[in-house]
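Undergrad: My questions will all concern the structure given below.
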């Protein structure tokens, strides 16, 4: 989330004049992040849409739009459409799971 905060277009160019200004900016950022920012890890829905369960309908509609576009202009598509299936669980910072017997593979 730090990178998103640091590189957001509204990131201040000058230091905050007070703690109150800093808090106001962070509050504005949090509203933007939760209600406007379409997160790539959430398949381009906002965290608020995901939290409220509205993402299922949005993703289903996107899938239909992509399928219709592909049927209408197949020459524009070189492969499959984007995966718009709803994920039951998402993680902010997923940890890569080591495969079973990873110790054996490392030792070999």
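Undergrad: In whole Å, what is the distance between the alpha-carbon centres of segment 1-44 and segment 62-87?
TA: Here the answer is 32 Å between Cα centres.
Undergrad: Right, another one. Listing 90, 45 from the residue with the fewest other Cβ atoms within 10 Å to the one with the most, what is the order? Write down the numbers at each step before the final one.
TA: Details: 90 13, 45 20.
Going from least to most buried by this count: 90, 45.
Undergrad: If you don't mind, there's one more thing I want to ask. Quote the Stokes-Einstein diffusion coefficient, in whole µm² s⁻¹, for segment 13-78, based on the Kirkwood radius over alpha carbon pairs, a temperature of 10 °C and a viscosity of 1.306 mPa s.
TA: On the way: Rh = 14.6 Å.
This corresponds to a translational diffusion coefficient of 109 µm²/s.
Undergrad: May I pose another question? Hey, what did the chain get for relative contact order, percent, Cα under 8 Å, at least 6 apart?
TA: After rounding, I find 16 percent.
Undergrad: As a footprinting exposure proxy, order 77, 32 by other Cβ within 10 Å, with the fewest listed first. Show your work: numbers first, answer last.
TA: Details: 77 12, 32 15.
Final ranking by Cβ density, sparse to dense: 77, 32.
Undergrad: Based on DSSP H runs of at least 4 residues, each adding -39500 (n - 2.57), what is the mean residue ellipticity at 222 nm of the chain after dividing by all its residues, to the nearest 500 deg cm²/dmol? Write down the numbers at each step before the final one.
TA: On the way: 5 runs with 52 residues, N = 108.
The helix-only estimate for the chain comes to -14500 deg cm²/dmol at 222 nm.
No value in this document is a laboratory result; all are computed from the given coordinates. Here the structure is a predicted model, which means the values were calculated and not measured. Cβ sites come from the backbone with ideal geometry, for glycine too, and all protein chains shown count toward neighbours.
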